[in-house]
Each structure stands twice: as structure tokens, then as C-alpha cells.
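Take a look at the structure below.
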Amino acid sequence: MDQSASKVPLYYHPDYERMTQTPGHPESPDRVTSILAALRKAAVPYDVRDPVEATAEDMLLVHDRKHVDLVRDFGLGFMDPDTFHYDYTYGLCLRALGGAIGAAKEAVTERRATFALPRPPGHHAGRDYNMGFCYINNVAIAARVLQRDFDDVKKVAIVDIDAHHGNGTNDIFYDDPSVLYISTHQWGIFPGTGHQGETGSGKGLGRTVNLPLIGGAGDPTFIQTYEEIIEPVLKGFSPDAILVSLGGDSHIMDPLTGLSLSTPGYLKLTGSLFEFARKNVSGRISYILEGGYHTRALGEVFAGSMNLVLPEPLPFKPIYQDTRESVPDAGRIREFREVQSAYWKI
Ligand SMILES: [Zn+2]
């Protein structure tokens, strides 16, 4: 057996552990450090891939020139109340984006699951704006690079399971039928967008699938939403590749949010997406880090997810279980079904 096949490709660079936004800021280098520690602790075999720097040209696939120039030249200070900028931030963005692109491209060429740990994260950044710890939208640009560089990648699905709505990704592809954007997120928190009625516009109508969940949703609601909505929509769209915006902040331990997904619940989702990709997309799936602010839980989510894509997963015992009695939010899922059945066979 090819030894390399039994190690999970992980796009990582020491720069991903470099920037501290401001003292005490939740989007800290410890997030990536903790993922690496969890991988070592669980003994998940992985191969570090050294990401090349992306280019301004890559960024311009999604962002306008004025925004790219702003991120390059802003200097020292707050770009918005949550997002600080140093003179070296643009270089970190190029390296972060390089990791997301590298992981996405390897998933396509090698037909296997890959992971990337880019910091800064990206899903709140839109065509002409930064927001919420994000300057440049890594996953959106990676999707565009796949479409640019591979003749057999016409349609890309982005599945965003961060607790926050990925408003940047949503906006970038809102009228584009070639990129499906599916997001589960907590309703009523930052950034306030992502109502289930926001379904795309023009030719992209129906290709934006917003699934806002109520705080405390827990594993049963997530799993039923996956089975009844997400998987049938993915089947209907029939993507050529899947990118996952893997935020760890839907986790029950997360200090900023309240979606209450346990580690086994997370692994059910990331594992189901992997199985779907194996059966329907020739294994072309890449998981790209977004948020997640309980560092140990975030580590567990990544280590557990990477373990699941091994040819023979190791025994993996998560610390963070959900011990509450909870049932699926049937009303919410019925609403999703009503909205989505206008566009998909559900
Ligand atoms: Zn988030």
C-alpha cells in the first residue's frame, strides 16, 4: 500500500500561528496550535504541506482591486471594530489563501480529502469588504481557482458549518449558479444575515441555502438538517468538488456562540460529508478552517475529522460529548423543507 495514502494532507505554515489580533482577542494563534496538539495526542498520521503564497491575481478572482489594495496598504490599525491590521497582515493573507488553494487543488488532482488551517480566516470577507476577523475570503477564492484551473470542475459546493453566517461567501456567489453555498449558523448573532428566505438571485436563485438554527440546537437538529436538507440538496446540485468552511464554533464548548453541537455531532457531519464526497464527487473534498474559539474543542473537531478520512480510522474518544436530552427542532426543519422544496427534490 502507498504509505502516503494513509497520511492526511494538512496545509499548514508557521505564519498561521503568528498574528495576535489584539490582546485577549478570541481569534488567536492558540487555535492552530491546539489543532496540532490534538493531532499529536490522537496520533492521527498527517503530512504537512507547505503552502505556497497565493497572488493578488488569485484574490482578484473574487475581490475588487480597491479592496485588495486596501488590505495590502492599510498599515497599523483597526479595519473594523473586530479586525486589526498590521503591516505584515497582507503577507499572512497570501499565505493563508495559499493553504486553502493548495488543499482544494490537491483534493481535486488526488481525489482525496485534504485539510487546511489558514489564519486569518475568510468567510465574512466579501467582494469589497473585510469583516469579523476576515480580510480575504479563502474558501471563495479556492472555489474560483478550481473553476479556473480544472476543466472538469465546473460546479463547486461550499458547505459552511461555522456557527456564524458566512455572509462574505453568501454575497460573492449570490447570483452565481455554478457555486452552491449551504450554511448552517446560529440565528440572531453576528453578522445578522442568513435568513432561510435568502436563497440567491437571478441565475443563482436557489443556489444559496441558508439554514439558520436556534441557540441550543444540538446534535439531533444538526443531523436531521443534514439528512433531510443538506444531503438531498448536494445530490440535486451534483458538484464536481466540495469545500467545507470548517468552523469549530458550533461546538457546545464555544464561548462566543450557542449551537451546542458536540464533538460526536461534529464528526457525524464532517464524516457524512466525506462519505458523500467519496460516493458522489470522486473523493474531492477539502476542509478549510474558519472560526472556533474553544481551542481544545476545535482541536478535537479537526483531529477527529482528519481521523475519519483515514483508510482505517483509529479509535477516537472525544472528551466533549453532549449529555443533554435533546430532540430535533422539527418546526425549523419543516420551514427549511418548505423553502428549499421550491428548488430541490427534498
Ligand atoms: Zn464563526
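Of the DSSP beta bridges with both residues in the chain, give the percent that are antiparallel, rounding to the nearest 5.
Details: 5 of 37 bridges.
Given both bridge residues lie in the chain, the antiparallel proportion sits at roughly 15 percent.
How high is the relative contact order of the range 45-100, given as a whole-number percent (alpha carbon pairs under 8 Å, six or more residues apart)?
Dividing the mean separation by the residue count of the range 45-100 yields 45 percent.
Quick one: which residues, 5 or more positions from residue 83 or on another chain, have an amide H under 5 Å from its amide H? H modelled 1.01 Å from N in the peptide plane, none for Pro or chain starts.
Excluding prolines and chain starts, which carry no amide H, the hits are 133.
Within the range 11-65, what whole-number % of the accessible surface is contributed by carbon and sulfur, with the 1.4 Å probe and all protein chains included in the calculation?
Details: 1390 of 2650 Å².
In the range 11-65, the share of accessible area belonging to carbon and sulfur is 53 percent.
Set Lys and Arg Cβ to +1 and Asp and Glu Cβ to -1, take the dipole of the range 113-190 about its Cα centre, and tell me which of 124, 114, 140 lies farthest positive.
114
So if R0 is 30 Å, what FRET efficiency would residue 195 and residue 345 give, r being the distance between their Cβ atoms, rounded to the nearest 0.05?
About 0.85, to the nearest 0.05.
Once the other residues with Cβ under 9 Å from the Cβ of residue 128 are scored (Lys, Arg +1; Asp, Glu -1), what is the net sum?
Numbers: positive: 66, 127; negative: 64.
Local charge sum for residue 128: +1.
Can you pick out the pairs among 105/203; 154/203; 66/154; 203/268; 7/41; 7/268 whose Cα atoms lie more than 24 Å from each other?
From 105/203; 154/203; 66/154; 203/268; 7/41; 7/268, over 24 Å: 105/203; 66/154; 203/268.
Highest GNM mean-square fluctuation, the chain, Cα pairs closer than 10 Å: which of 313, 121, 212?
Maximum among the listed residues: 313.
Nearest 20 debye, what's the magnitude of the dipole of the range 211-279 about its Cα centre given +1 on Lys and Arg Cβ and -1 on Asp and Glu Cβ? Don't skip to the end; give the middle numbers.
On the way: 4 positive and 8 negative charges, 32 e Å.
Roughly 160 debye, rounded to the nearest 20.
Around residue 171, what is the net charge, scoring Lys/Arg as +1 and Asp/Glu as -1 over all other residues with Cβ under 11 Å from its Cβ? Walk me through the numbers before you get to the answer.
On the way: positive: 127; negative: 128, 175, 176, 198.
Result for the local shell: -3.
Per-residue accessible area for residue 240 at 1.4 Å probe radius, Å² rounded to 10?
Solvent-accessible area, nearest 10 Å²: 40 Å².
Given the C-alpha centroids of the range 284-346 and the range 206-221, what is the distance between them in whole angstrom?
Measuring centre to centre over Cα atoms gives 11 Å.
Under unit Cβ charges (Lys, Arg +1; Asp, Glu -1), what dipole magnitude, rounded to 20 debye, does the chain have relative to its Cα centre?
Roughly 660 debye for the chain.
Give me the net charge for the shell around residue 105: Cβ to Cβ below 11 angstrom, other residues only, Lys and Arg +1, Asp and Glu -1.
In short, 0.
For the range 267-325, with only Lys/Arg (+1) and Asp/Glu (-1) charged at the beta-carbon, what is the dipole magnitude about the Cα centre, in debye rounded to 20?
In total the dipole reaches around 120 debye.
Heavy atoms only, 1.4 Å probe, whole protein assembly: order 25, 85, 195 by accessible area, highest first.
195, 25, 85
The values are calculated or read from the model by the stated rules, or taken from the named source; none is laboratory data. From a predicted model like this one, the values you see are computed outputs, not experimental measurements. Backbone-built Cβ (ideal geometry, glycine too); neighbour counts: all protein chains shown. Calculation scope for accessible area: heavy atoms of the full protein, side chains included, ligands and nucleic acids excluded. Shrake-Rupley method; radii C 1.70, N 1.55, O 1.52, S 1.80 Å.
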